[in-house]
Amino acid sequence: MVCFTTAMQAQAPAPKPDPAVQKLHVLVGRWAGEGEYKPGPLGPGGNITGEYTYRMILGGFFFPGWSTERGPMGETQGLEIDGYDPVNKNLAGNLYADDGSTFSEC
């Protein structure tokens, strides 16, 4: 005779993203834009055009955006990943560019 037992385990409710991150949901999708960069230490100014794609990942806790911009310095690509910083209680993100540069925003 074989006896099977099933242990019932209490499970905590799944964590939910902070409402600050959920506000970014309105940006999910593909976007096109145009604008102007002012001249500065990073390069000449001029008109730019770009395409931007945003989505939510990892259960809605993180918000990556991919960009391709064309302007006076040619075409550039970037990846930005934003999320909620529970220690500082704000949105924080990191930007990675195709020239190897990075930028952190808090």
Among residues belonging to segment 53-106 that are among the small types (Gly, Ala, Ser), exposed (fewer than 14 other Cβ atoms within 10 Å of the Cβ) and part of a strand (DSSP E or B), point out the one that is farthest from the chain's Cα centre (by Cα).
74
Flagged pairs (Cβ under 6 angstrom, 6 or more apart or on separate chains; first in segment 32-59, closer than 30 Å to residue 17 by Cα; second exposed (fewer than 11 other Cβ atoms within 10 Å of the Cβ) and not hydroxyl-bearing (Ser, Thr, Tyr)) are 51/32; 53/30
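Readers should treat all values here as calculations from the given coordinates under stated rules, not as data from a laboratory. The shown structure was predicted, so the numbers you read here are calculated from the model rather than taken from an experiment. Ideal geometry is used to build each Cβ from the backbone, glycine not excepted, and the neighbour counts take in all protein chains shown.
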